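Single-structure report; data block below.
The values are calculated or read from the model by the stated rules, or taken from the named source; none is laboratory data. Everything numeric in this text was worked out from a predicted model, so none of it was measured. Heads up, the Cβs are rebuilt from the backbone with ideal geometry, glycines too, and the neighbour counts pull from every protein chain shown. Each accessible area value is taken on the protein alone, full model and side chains, heavy atoms only, with ligands, DNA and RNA left out. Shrake-Rupley method; radii C 1.70, N 1.55, O 1.52, S 1.80 Å.
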Amino acid sequence: MYKHILRPLLFRLDPELAHELTLDWLVRAGRLSPVLALLNKIYARQAPDMPVELMGIKFPGPVGLAAGLDKGASCINALSCFGFGHLELGTVTPLAQPGNPKPRMFRVPEHQAIINRMGFNSGGIHPFLENVASTRKTLPLGINLGKNAVTPIEQAAGDYITGLKQLYLYADYFTINISSPNTKNLRDLQSEDALDALLSDIMKTRQQLAAEFQRKVPVAVKIAPDIENDNIPALAELLMKHKLDAVIATNTTIDHSSVEGCEFADEAGGLSGKPLRGRANEVVGLLYRELQGTVPIIGVGGISSAEDAWQRLLAGAEMVQIYSSFIYNGPAIVAEIINGLALRVAESGSESLQLAVQSARKEYK
Ligand SMILES: Cc1cc2nc3c(=O)[nH]c(=O)nc-3n(C[C@H](O)[C@H](O)[C@H](O)COP(=O)(O)O)c2cc1C
């Protein structure tokens, strides 16, 4: 239904308007139990259970929703019915901010890609908190934290710490987003010294909060695909030094060469979707070589099939997230990926996805 009816209608509209209308519909659907039951039946129950455990969390499935779709945590109920194993909400900034001027989201349909320069449009922490606090959650929820545009980059840690403190009770895990290309200088936080200082402040705060609330909420860092290969060992070193609970690889890329010649290819912003698949896979592989399982990797970028997801797991990811393929294929893509993974687990004769991946990785070596 999505591909043949809804998508053609939505794709006639400006991408951000289509996005807003869809979110609005999801908010309304989330208030109606019969609609939620129907969505569950059509989507979530089309895939087998495939639990994955990492960061000390039992995820019911290996495919999560990547950050950026539900920035304000307003659609948790409906999004929970599509078969995702977790939802990553946000990016949320401490204070409300409008983001960049519109237009700032562009489709590149020839490549099933999106270019966006949203710039952390956010309602701020307060409405976000009210939304998560008032939802009866059925899935693990990640909260992706960002910094306000007005906060000088040298004071970025303060914004992330505000997010951690105010939302600590509501997150199953946090993501520190230092990789959006659309907030000035944000990616500078990935440089060695800046990251060392930032992670030190963040993990110290997490330790204090864990003692105060008697619960350790895992913290992940989300990185860009545009990091130089030569810098990956130092990055991995820092993730291990500060005992990060996970790394999410990757965010969108500023390299638009793969969509050259297409309409909107020259728009500034981060490119996501199919053209990102190769580089995101490579970054996961390089990270895994350094980390060797000490810090689990969540793979994201260009995954639009079970084969893509399987390859990302073989490269070193423990589970995956999707965004653009959800826009291009609709909610059925989630069960499609999980069913394809289930086939590979069955073929390998393993008892779980994680065991199937482990034995396939050994064969690969
Ligand atoms: C319109 C749009 C908005 C996004 N906003 C965020 C965001 O707020 N925070 C974030 O960490 N990633 C954001 N992302 C990046 C995605 O979470 C994901 O890392 C990226 O799109 C690659 O995955 P994909 O190829 O499956 O889309 C956004 C992506 C898109 C397309």
For the chain, what does -39500 (n - 2.57) per DSSP helix run (n ≥ 4), summed and divided by total residues, give at 222 nm, in deg cm²/dmol to the nearest 500? -12000 deg cm²/dmol
Shape verdict for the stretch 265-365, please, from the Cα gyration tensor: rounded (a/c under 1.5), prolate (a/b greater than b/c) or oblate. oblate
Give the distance, in whole Å, between the Cα centre of the stretch 93-151 and the Cα centre of the stretch 181-213. 19
Can you list the DSSP H helices in the chain whose Cα atoms extend at least 20 Å along the helix axis and whose mean Kyte-Doolittle hydropathy is 1.0 or higher? 332-348
From a point 7 Å beyond the Cα of S352 in the direction of its Cβ, which residues of the stretch 43-68 have a backbone N at a distance under 19 Å? 48-64
Could you please report the charge total around A342, scoring K, R as +1 and D, E as -1 over all other residues with beta-carbon less than 13 angstrom from its beta-carbon? -3
Determine the sum of side-chain charges near P51: Lys and Arg each +1, Asp and Glu each -1, restricted to other residues whose C-beta is under 15 angstrom from that of P51. -4
Subtracting the Cα-Cα distance from 0.36 nm times the residue separation, let me have the gained length for D193 to L343 in nm, one decimal. 49.6 nm
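Using the C-alpha gyration tensor of the stretch 38-83, what are the square roots of 5 times its eigenvalues, in whole angstrom, with the largest one first?
The three semi-axes for the stretch 38-83 are 18, 17, 8 Å.
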Per the 1.4 Å probe, what fraction of the accessible area of the stretch 157-220, in percent, lies on carbon and sulfur atoms? 45
Let me check something: with ligands and nucleic acids excluded, how do R277, R187 order by accessible area (1.4 Å probe), largest to smallest? R277, R187
Could you give me the percent of Cα pairs per 5 Å distance bin for the stretch 130-195, shortest bin first, beginning at zero and ending with the bin that holds the maximum distance? 3, 16, 25, 21, 15, 11, 6, 2, 0
Across bins of 20 angstrom width beginning at 0, how are the C-alpha pair distances of the chain distributed, in whole percent? 31, 63, 6
Could you pull out every residue, at least 5 positions away or on a different chain, whose amide H is within less than 5 Å of the one on V219? Hs are placed 1.01 Å off N in the peptide plane, and Pro or chain starts have none. F174, D245, A246
Cα-centred dipole magnitude for the chain, charges only on beta-carbon of K, R (+1) and D, E (-1), debye, nearest 20: 1060
Any idea of D226's accessible area? Nearest 10 Å², probe 1.4 Å. 50
How long is the stretch 38-176 along each principal axis, judged by its Cα atoms, biggest number first, in Å? 47, 41, 25
In the full protein assembly as shown, how much of L17 is accessible to a 1.4 Å probe, in Å² to the nearest 10? 80
What spacing in nm lies between the two simple spin-label points modelled at E363 and R31, each 7 Å away from Cα in the Cβ direction? 5.1
Could you tell me what fraction of 2.2 N^0.38 Å the Cα radius of gyration of the stretch 192-250 comes to, as a two-decimal ratio? 1.20
Residues of the stretch 332-365 with backbone N under 13 Å of the label point set 7 Å from the Cα of S305 along Cα→Cβ are 337, 340-341
When the distances between all Cα atoms of the stretch 92-234 are binned every 5 Å from zero, what whole-number percent does each bin get? 2, 9, 17, 20, 20, 16, 10, 5, 1, 0, 0
Here the equivalent ellipsoid of the stretch 1-111, derived from its Cα gyration tensor, has semi-axes (largest first, whole Å) of 25, 20, 15
